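Q: Below is a structure I'd like to ask you about.
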Amino acid sequence: MGWRGLLGFEYGIVQAPLGPDISGPELVAAVANAGGLGLLRAPDWESPDYVRGLINKTRSLTDKPFGIGVVLAFPHEQNLKAILDEKVAILQVYWGDCTPDLVAMAHSAGVKIVPQVGDLRGAKQAINAGVDGIIVQGREAGGHVIGQDGLISLVPTVVDLVGNRNIPVIAAGGIVDARGYVAALALGAQGVCLGTRFVATEESYAHPTYKRKLIEMDETEYTDVFGRARWPGAPQRVLKTPFYKDWRSLPPHENETNQPLIGHSTIHGMDREIRRFAGTVPNMTTTGDIESMAMYAGQGVGLIKEILPAGEVVKRLVEGAQILIKQHFN
């Protein structure tokens with residue numbers, strides 16, 4: 001039916017690795033316990049002992065398999081070694097080349113590797129490298145967006161490219177409910193990856209104000225206003241908050257380095273200053289001008305009406321998809 005057996009998990013539902021630390025052990029374990037694939041997010045700096053701690057804490061909350069996401073654009077070699085030493089089920093990688101050497105390294109540790117791609121070139125590279133699955137991200141997605149194509153054209157193109165190889169294609173971008181799940185299956189995907197919907201859960205480590213905005217607001221915009229210095233060339237999709245509307249036309253030469261301090265946060269155990277336009281979303285520890293911080297969200301945010309337990313999100317996706325297929329497509 002398209003929702004069972006994905007990469008060995010009960011359901012074809014993936015919870016995206018939400019940065020910088022929004023998908024912590026509590027969220028990932030809740031998704032895993034509900035039968036989905038939960039993904040931790042590794043720090044964007046080398047901290048292998050902390051990574052081991054994240055993995056061990058998650059294991060204390062679930063006996064089910066789970067994974068961890070690594071952004072290849074940032075220092076990651078020591079973190080990667082820790083992840084493979086711990087033999088998590090899935091290594092998810094993003095924003096960098098998924099090479100045959102990286103795939104071989106993961107496989108030699110008994111770890112499956114799943115890159116996230118945003119175009120045909122990335123998909124071809126992943127297939128040739130011998131990956132275990134591919135997350136295909138459309139421009140509808142929240143957070144940092146790697147490609148320009150929409151899901152409705154990109155997913156079937158990648159599905160055709162994969163052909164009869166045993167590489168499941170997982171659709172990501174703007175999907176928040178069972179209708180989006182079934183639409184992705186119709187495009188040929190074997191699963192879906194959700195970010196924004198899982199930010200708006202009880203177990204998410206997002207700041208309560210951020211969660212509330214996801215319920216209250218329904219408009220997003222693709223921009224590069226946030227994090228230009230820290231992560232250049234990495235556009236993002238954000239909520240159209242009053243702060244963003246005021247600053248959406250920020251001159252290209254401006255970035256966060258010369259901006260005033262607007263808050264503080266503890267991220268992966270490190271105390272961090274947050275400057276205006278930094279691109280750091282507020283987590284549970286964040287203090288300061290929360291309303292002026294980046295709030296990433298996908299285009300489906302307007303369909304999110306309540307904060308739910310993560311397990312309930314998985315349950316509603318699966319049961320809703322089954323009902324839709326039975327009622328309309330059998």
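The values are calculated or read from the model by the stated rules, or taken from the named source; none is laboratory data. Bear in mind that the values here come from a model prediction, so they are computed numbers and not experimental data. Backbone-built Cβ (ideal geometry, glycine too); neighbour counts: all protein chains shown. Remember, those area values only see protein heavy atoms, side chains included, never the ligands or the DNA or RNA. Shrake-Rupley method; radii C 1.70, N 1.55, O 1.52, S 1.80 Å.
Q: Of all GluC sites (Glu not before Pro) in the range 252-330, which ones are in loop regions per DSSP and have a Cβ with at most 15 other Cβ atoms within 10 Å?
A: 254, 306
Q: Hey, if we sort 205, 94 by accessible area with the 1.4 Å probe, largest down, what's the order?
A: These residues rank, largest area first, as 205, 94.
Q: Run the 1.4 Å probe and let me know the accessible area of residue 241, rounded to the nearest 10 Å².
A: It works out to around 10 Å².
Q: Taking only the alpha carbons of the chain, what extent do you get along each of the three principal axes, in Å, biggest first?
A: Ordered largest first, the chain gives principal extents of 54, 44, 38 Å.
Q: A further question on this structure: How large, in percent, is the carbon and sulfur part of the accessible surface of the chain at a probe radius of 1.4 Å?
A: With neighbouring chains kept in place, the figure for the chain is 51 percent.
Q: Using Cα pairs closer than 8 Å and at least 6 residues apart in sequence, work out the relative contact order for the range 208-301, in percent.
A: Taking the mean separation of contacting Cα pairs over the length of the range 208-301, I get 33 percent.
Q: Further question: Grab the other residues whose beta carbon is less than 12 angstrom from that of residue 113, score K and R as +1, D and E as -1, and report the net.
A: Result for the neighbourhood of residue 113: -1.
Q: Using modelled backbone amide H atoms (1.01 Å from N, in-plane), which distant-in-sequence or interchain residues come within less than 5 Å of residue 283's amide H?
A: Long-range HN contacts for residue 283: 207.
Q: Another question, then. Pairs on different chains or at least eight residues apart, Cα atoms closer than 23 Å: how many lysine pairs in the chain fit?
A: So the count of such lysine pairs works out to 21.
Q: Along the range 305-311, what does the Karplus equation 6.51 cos²θ - 1.76 cosθ + 1.60 (θ = phi - 60°) give for ³J(HN,Hα), rounded to whole Hz, x for Gly and Pro?
A: Karplus values, whole Hz, x for Gly and Pro: 10, 7, 7, 10, x, 4, x.
Q: Quick one: ranking 44, 85, 63 by accessible area, 1.4 Å probe, largest first, what do you get?
A: Correct descending sequence by accessible area is 63, 85, 44.
Q: Using heavy-atom solvent-accessible surface (probe 1.4 Å) with all chains present, what is the largest-first order of 284, 217, 295?
A: 284, 217, 295
Q: Using only C-alpha atoms and all pairs of different ones, pull out the Kirkwood radius for the range 208-301 in Å with one decimal.
A: 13.5
Q: Moving on. Amide H to amide H, which residues 5 or more places from residue 262 or on other chains are under 5 Å from it, using H placed in the peptide plane?
A: 274, 275, 276
Q: Can you give the accessible area per residue of the chain, in Å², using a 1.4 Å probe?
A: The answer is 41 Å² per residue.
Q: For the chain, what is the relative contact order in percent, using Cα pairs closer than 8 Å and at least 6 residues apart in sequence?
A: 17
Q: Can you pull out the trypsin sites (Lys or Arg not before Pro) in the range 258-330 whose DSSP state is coil and whose Cβ has at most 14 other Cβ atoms within 10 Å?
A: 305
Q: Taking θ = phi - 60°, what integer Hz values does the Karplus form 6.51 cos²θ - 1.76 cosθ + 1.60 yield along the range 199-214, in sequence order, with x for Gly and Pro?
A: 5, 8, 10, 5, 8, 4, 8, 5, 4, x, 5, 4, 4, 4, 5, 5
Q: Counting each DSSP H run of 4 or more residues in the chain as -39500 (n - 2.57), what helix-only mean residue ellipticity at 222 nm follows after dividing by all residues, to the nearest 500 deg cm²/dmol?
A: It comes out at -9500 deg cm²/dmol, rounded to the nearest 500.
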